[in-house]
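Worksheet for the structure shown next.
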Ligand code: SAM
Ligand code: SF4
């Protein structure tokens, strides 16, 4: 989501005659688009801002802007700590950055109001023009993110998102479809729809088609109907309200890739309750069964937090058990970290850093073995991959299951093409293959 927001910032600035540079030291404007989901991400922002003090000394005209979740969270305090920062822009104001930068000395330096009535502005950049300087250096990106929602109403007790990104709001249906059309017309092959909980698309601020409410499965179908779109994905989905209708889309929509990221967070019901996740682990197992019923080849990934306050050895062993039961293709796992304003800060039973690290290591070691075992099942199989780009003598490609496939080819392989490969080797995090004639 932050990557897409960074593109939006850069695209809107290009429309105001700014030119993107890849060399930070030659820039007259530096924008840090920030994440505060875990303490570590926030620390990185602070150390980068410290480092930028010397750029400001070298170039007194340099403007430094901090946008995104850390900006939202810290507001005035950020300027007090880092007086060389010129502008602090919260999550609902990123589309306004060009205007805010035009303002003179007397203007507001901190723009972080969060409104419950926020509507995502209509902004559909033309490709080839705006904010894609990075591409000139590398190559065209055939896979793109499209935002469909902003914010979250779920208040999982560990999570800062409802506070930094505000109430959940769905983007206008026609804006989404128009953006997908622009991208596909300019050669994009794969689209990933983005929201914190895509299941509730259209529910909070009702989105309708001719007066009838539009659900996420309906949106998926409308996007899939855009002529020329080869592959469709989405992320993320909270298990608590994953519907049968959505799971059936994996059977019924041909371009919907057989890949699902379904964050579970813990294998223990006691911890899920303390996290306010509003589902049980039994319900999660049922969802996995249904997904595999509708789409037997679906690749499943998840998010896990270890060391949540009150997590006993037994709770953690249930998370390890979950690994054996589901056999995820991959997972993102994190040590719990206290975030400002969240409910879990006040929970008792905090786990020591050492214990959290040990649990994380155990979890990741087992997940890596499972990922390797699952990846080895692809060896010898023929699969279609999208050629993303060439680096050195190798092509990086992506399977519909979202596996990265490295291909060394003597044949002329063109980025943007979907080609057939045979998988020759498997690693923990990627596959190797050869192009078939
Ligand atoms: N909306 C998604 C969902 O409901 O599953 C999650 C989005 S969140 C931006 C990404 C992941 O960060 C979460 O799934 C969780 O595993 C992790 N995360 C969030 N807050 C955290 C915290 N305080 N400490 C550690 N990990 C955290
Ligand atoms: Fe955070 Fe996801 Fe829970 Fe929303 S649903 S509060 S984004 S973890």
Averaged over all directions, how much area does the convex hull of the C-alpha atoms of the chain cover when projected, in nm²?
-> 22.1 nm²
Most fluctuating of 152, 214, 397 in the GNM of the chain (C-alpha, under 10 Å) is 214
List the extent of the Cα atoms of the range 1-91 along each of their three principal axes, largest first, rounded to whole Å.
-> 33, 31, 20
For the range 314-436, what Kirkwood radius comes out of the mean inverse Cα-Cα distance, in Å?
-> 16.9 Å
Taking only the alpha-carbon positions of the range 1-160 as identical scatterers, the Debye log10 I(q)/I(0) at q = 0.10, 0.14, 0.20 Å⁻¹ comes out as -0.38, -0.76, -1.54
What is the list of residues in the range 29-58 whose amide nitrogen lies under 17 Å from a point 7 angstrom out from the Cα of residue 114, following Cα to Cβ?
-> 34-39, 42
Using only helices, what value at 222 nm comes out for the chain when you add -39,500 (n - 2.57) per DSSP H run of length 4 or more and divide by the total residues, to the nearest 500 deg cm²/dmol?
-> -10000 deg cm²/dmol
Just for the chain, what percent of DSSP beta bridges are antiparallel, to the closest 5?
-> 40 percent
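With contacts defined as alpha carbon pairs under 8 Å and 6 or more residues apart, what's the relative contact order of the range 301-365 in percent? Mind dumping the intermediate values first?
Working: 65 pairs, mean separation 32.4, N = 65.
Computed over the range 301-365, the figure is 50 percent.
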For the range 315-379 versus the range 1-29, the gap between their alpha-carbon centres in whole angstrom = 35 Å
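Laboratory data are not the source of any read-out in this text; all were calculated from the coordinates shown. The shown structure was predicted, so the numbers you read here are calculated from the model rather than taken from an experiment. For neighbour counting, all protein chains shown are included, and Cβ atoms are generated from backbone atoms with ideal geometry for every residue, glycine included.
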